[in-house]
Amino acid sequence: MSREQQDLLSRTALGVFRLNGQFLAFSEELAKPAGLTAAWWQVLGAVLRHPLPVAGIARDMGITRQSVQRIADLLVERGLAAYEANPAHRRAKLLRPTDEGRAAVAKIDPGHAELAARLADALGPEQFAETAKVLEQLSKALDGISDRHPERSPQS
């Protein structure tokens, strides 16, 4: 690997780490009025379209199953989500939002829309779309590297 490639990797990683912190800070602020945390919103958001097992949420989000399990249990305890039987797996129940959970996420939508509009104004619509595309490509490339070299996978 060339020094230039190493520098690009370092710049990319540092940029993503900074972005993660920035997104978490914005997410905490957006979620707070709805009585949620960023992590709770993330897990609820993962199951808005259809119920998923905890392991599936963790895989989609790139976080540990244990973290998702802890949050899922808290959401269920607070009435924001519920477990239901999983026809594909007897022991791995599905998590789904309750009406109260959906209402909490809906409270975030105006702030979310405002932030999206501000970013679109700051970047321009084309650059905003390109940014999302590049980040998706980067994630897919890292998944491919992990699949080819499991011993190097960050989850190992």
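The values are calculated or read from the model by the stated rules, or taken from the named source; none is laboratory data. All figures in this text were calculated on a predicted structure; none of them were measured in a lab. When we count neighbours, we look across all protein chains shown, and the Cβ atoms used for this are built from the backbone with ideal geometry, even at glycine. These accessible areas exclude ligands, DNA and RNA; they are computed on the full protein's heavy atoms, side chains included. Shrake-Rupley method; radii C 1.70, N 1.55, O 1.52, S 1.80 Å.
Here are some notes:
- Among L80, A113, A92 - extreme Cα towards positive end, dipole of region 48-117, charges at beta-carbon: A92
- Largest to smallest accessible area among D109, D60 [probe 1.4 Å]: D60, D109
- Average Cα contact separation per residue, the chain, under 8 Å, 6 or more apart, as relative contact order %: 18 percent
- For the chain, with all protein chains in place and a probe radius of 1.4 Å, 56% of the accessible heavy-atom surface sits on carbon or sulfur.
- With the highest mean first, a sort of the peptides 8-15, 51-58 on other beta-carbon atoms found within 10 angstrom per residue produces 51-58, 8-15.
- Based on protein heavy atoms only, region 1-124 ends up with 67 Å² per residue of surface accessible to a 1.4 Å probe.
- Label zone at T98, where the point sits 7 Å out along the Cα-to-Cβ direction: region 38-68 residues whose backbone N lies under 13 Å: none
- Rounded to the nearest angstrom and listed largest first, the equivalent-ellipsoid semi-axes of the chain from its Cα gyration tensor are 30, 23, 13.
- Order by protection proxy (mean Cβ within 10 Å, highest first), peptides 96-103, 83-90: 96-103, 83-90
- Size of electric dipole in the chain: Cβ of Lys, Arg +1 and of Asp, Glu -1, about Cα centre, debye, nearest 20: 560 debye
- Computed packing ranks the peptides 110-116, 134-140, 30-36 as 30-36, 110-116, 134-140, most packed first, by mean other Cβ atoms within 10 Å.
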